[in-house]
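To start, the structure itself, in structure tokens.
Derivation of every value follows stated rules applied to the coordinates shown; laboratory data play no part. Just so we're clear, the structure is a prediction, and the values are computed from it rather than from any experiment.
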């Protein structure tokens with residue numbers, strides 16, 4: 001069993017129970033994994049949840065987990081917003097056939113690029129060497145990105161988990177209006193970043209070809 005940090009007022013088994021309970025919100029299974037007797041795990045798990053100091057610690061652990069999950073969800077959606085708001089005008093191809101950010105393009109615009117193919121062809125024409133460079137740039141598909149963003153709405157749903165009978169979880173979801181407000185706020189931040197980048201004149205190393 002992994003070591004458990006000492007916390008004043010808690011036994012080693014109580015701390016382990018709190019950590020294990022967050023895995024599946026099953027008090028009986030958490031009790032077994034915490035080292036309590038399997039024969040009396042159901043009753044012991046129920047009793048543990050009734051203890052104020054344990055209930056308080058579990059609530060705090062849940063809040064910490066929810067905060068971490070919310071941050072990750074917002075980062076994912078901001079990344080999706082970068083792709084959804086991307087434009088081919090954000091890029092230029094220099095004389096060497098290399099893709100650069102256009103003047104005023106957002107700093108993160110390169111993350112919207114799916115692939116870059118650069119082909120160099122050299123041949124002789126009238127006894128003179130000729131080099132042709134062909135560059136193809138593809139952005140991530142916007143329709144699929146938007147579908148992914150919509151499917152990802154589950155991560156935006158703020159879930160408050162509480163202990164029901166025998167440790168069963170209760171789930172509350174945001175309304176459709178609240179959910180839309182969250183999306184609008186995230187997309188608004190992405191638009192603000194693009195506007196700020198254009199205002200500050202961020203650009204790449206290349207210039208318009």
Work out, step by step, the length gained on full extension between residue 103 and residue 126: first 0.36 nm times the residue separation, then minus their alpha carbon distance; give nm to one decimal. 4.4 nm
May I ask you to compute the full-extension gain from residue 7 to residue 116, defined as 0.36 nm times their residue separation minus their alpha-carbon distance, rounded to one decimal in nm? 33.9 nm
